Amino acid sequence: MKYFFITTIFLSSFLLFGIQPMVAKIILPYFGGGSAVWTACMLFYQSLLLVGYLYSFCISKLKSVYQQLAVHGLLLVVGMVLMPLSLESIATTEISTQPFVDIFTLLLLGIGAPYFVLSATAPLLQYWLSHSVKSAQAYRLYSVSNIAAMMALFCYPLIIEYNLTLSMQAWMWSGLYIAFSLFNLSCLYQVYRNMDKTAARPVQPEQSKLASGANVIRCVKWFLLSATGVILLISTTNNLTLNVPPIPFLWTLPLALYLLTYILCFFDERVYLKWYWNLMFTVVSLVALFLFFIGSQFAITAQICLYLVVLFVACIICHGEIAKSKPGNEDMTLFYLVLAAGGCAGSVFASILATELFTQYYEYIVGICLVFALSVAMEWQKQQGKVERKLIYLNVAGCLVFVSLFYLMQSQFNKYNIYESRNFFGIIQVKDIVNIDNPQRRLIDGYTSHGAQALDYQGKPRPLSYYRPETGIGIMLNLMADNGSGNKVGIIGLGVGALAYYGQADDEFVFYELNPDVEYVANSYFDYLTSSAATITVHSGDARVSLANEYQENGTQGFDMLIVDAFSSDSIPQHLLTTEALTLYEQHLAANGVLAFHISNSYLDLRAIMSGIEMQSGLQSRYFKTSDSATDADQAEWVIFTSNMDYLAAPQVNNKSVPLQEVSQNVIQWSDSHSSLLSVIKL
């Protein structure tokens, strides 16, 4: 009987966590490809987990085991009827001004029912097993559940995503779900055979011990510790994916480490040695502080390792305290319910409230401070053993040093800020850098500059950074202008609007911008759009969705040049580089037109993707790499594709560029259903 339960719990957790990155990847293109998509998905997952645990708690209070089995058995049958999983029910192109609500609704309708069944499985089966076979090791099954979850999280980016299309993934998941349901029904039958159906409820060795006021504090402790762990999990993931695209691998790695701390602490409480881990946390909190402010200066592998070390130590403290104070089997479902409620609250804070309250990812700082505060509170409220005042002093001192350094570094790093904003699509700042030879105003998305303008200029501002005239895009736009006016240019990504500088009278420049805050900044703090001679139009929303709708309604835009310059901090959203995206670009490109991609990137080498685009399009390519200079510190990489031989033969093009084949021998083609950024990350 026990092995049926273990297998079922293993399958439920594997499926529960296996579907998370799969579904997030499906909806990612429809919501701009930013890190907040995974954050919103995490909010849904935590909310449904809470509902599932609440269901487990309530069903365990029914008057007889027979009623419990009947209700849950019916739920399992309903879940099987809803298979197979439909990708069409998850994908959408209708996005409102409330992306969090859109994602939550979409996931609820698409996977809500099976996800609810899976979330209720582990606590409910552990409860039944603990009372049917008098198991003293019921909490060990919580480790089994988390081990299965870790396996799913590692299997997805390393095996499943890499080898299977999304439709194949959906069919595989559906088949495993049916197998899980059959195992679960077998478990119900085993309970039915081994327990007295007429009992008022499963035999309990003793009444609940959590009814007293003192133990309400215990529940509050579980709640806060669980919430703190989730706050750090989500904020760590946000910071990791701020400069690198939010790919499943970087989603699942922090989540897997988070689950590992649960496994270790619940399998053996001796893992959590208070003095050791609190001292370690005092040290790594300073590492966290430097990562928060200057993390972008580290290589991606160093960032990942350091962020994960901080998360691991913090979660060992949170989950170690939870494991040491867990109740007996009689309060197991209530215990899991409180943990789920805390996790959901932490997700709400990190996903929604933090976006409204903070202009940067300060929830990461809040999470670190909460670990210090809870460590002090746990020791102060210790009910057994002597209170270790030195441990309290250590955490108080560590917190004071951390907060003091935070305010010092905050004042230095933000002293040039004249504007800050944060929304679903990211964090942007406008800085006036006056301590350099040529003072500039810069737009910073995350930690990456997305354009600049001289603070002191004559006439109209000259483009700087990646868009200066000597870069590949500057050369191509000037070449197009030399051939006459009346050109139509489409630009995916607005930034500061620097490319509008190249517009001539009778030209039309059409920008596509996802983030409404970027459009506000470009119009209010920079002068490129207002000083351009061309007619400027800015379309709000995801570029692929906008272009697809335009083609369906009005046919081709006939762009003489279409420029893909959409960045989320330091990365191009993945869905703008697929074969389906290229087909859409070609539909809107005029004969002999130019397709240009900006591929400057600190963490991704996109040249192999460009080679794949060259192979698919049949167009000729040129790769431009403009080094930094004494007056401009940004290196710029551009790739252009065209069949226009006049452009390709122009001396200014030949002198500044080379065919793409000379710098990229690898060829990678992405599609909407199959892509992996692991192959292009710079390690």
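Any read-out appearing in this document is the output of simple, stated calculations on the displayed coordinates, not a laboratory observation. All values reported here derive from a predicted model rather than from experimental measurement. In this analysis, Cβ positions are derived from the backbone assuming ideal geometry, glycine residues included, and neighbour counts consider all displayed protein chains.
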Relative contact order %, the chain, counting alpha carbon pairs below 8 Å whose residues are six or more apart
14 percent
Scattering curve values for the range 206-396, log₁₀ I(q)/I(0), Debye with Cα scatterers, q = 0.08, 0.09 Å⁻¹
-0.26, -0.33
Residue 64 to residue 182: extension gain in nm, 0.36 nm per residue of separation minus the Cα-Cα distance?
40.2 nm
Using a Debye calculation, one point per C-alpha and no hydration shell, please list log10 I(q)/I(0) for the chain at q = 0.09, 0.12 Å⁻¹ in order.
-0.81, -1.25
Take every Cα-Cα pair in the range 369-520 and report what % of them are more than 27 Å apart.
48 percent
Degrees separating the helix 248-267 axis from the principal Cα axis of the chain, which is the longest one
20 degrees
Got the relative contact order for the range 468-679 handy, in percent, Cα pairs under 8 Å and 6 or more residues apart?
20 percent
Out-of-range pairs (alpha-carbon distance over 22 Å; input 61/324; 324/382; 274/386; 326/386; 274/326; 431/682):
61/324; 431/682
How far, in degrees from 0 to 90, does helix 274-294 lean away from the longest principal axis of the Cα atoms of the chain, to the nearest 10?
20 degrees
With a cut-off of 20 Å, note down the residues of the range 512-528 whose backbone N falls inside the zone around a label point 7 Å from the Cα of residue 356 toward its beta carbon.
516-517
Using Cα atoms only, what is the angle between the long axis of helix 389-413 and the major principal axis of the chain, expressed in degrees (0 to 90) to the nearest 10?
20 degrees
Which FRET efficiency value, to the nearest 0.05, do you get for residue 51 and residue 460 by plugging their Cβ-Cβ distance into 1/(1 + (r/R0)^6) with R0 = 60 Å?
0.60
Divide, for the range 468-679, the radius of gyration over alpha carbons by 2.2 N^0.38 Å, where N is the residue count.
0.96
If r is the Cβ-Cβ distance from residue 591 to residue 627 and R0 is 35 Å, what FRET efficiency results, to the nearest 0.05?
0.55
Based on the mean of other Cβ atoms within 10 Å per residue, sort peptides 289-298, 343-352 so the most packed one is first.
343-352, 289-298
Run the quick spin-label model on residue 171 and residue 215: label points 7 Å from Cα toward the beta carbon, then report their separation in nm to one decimal.
5.1 nm
Nitroxide proxy distance, nm - points 7 Å out along Cα→Cβ at residue 298 and residue 412
1.7 nm
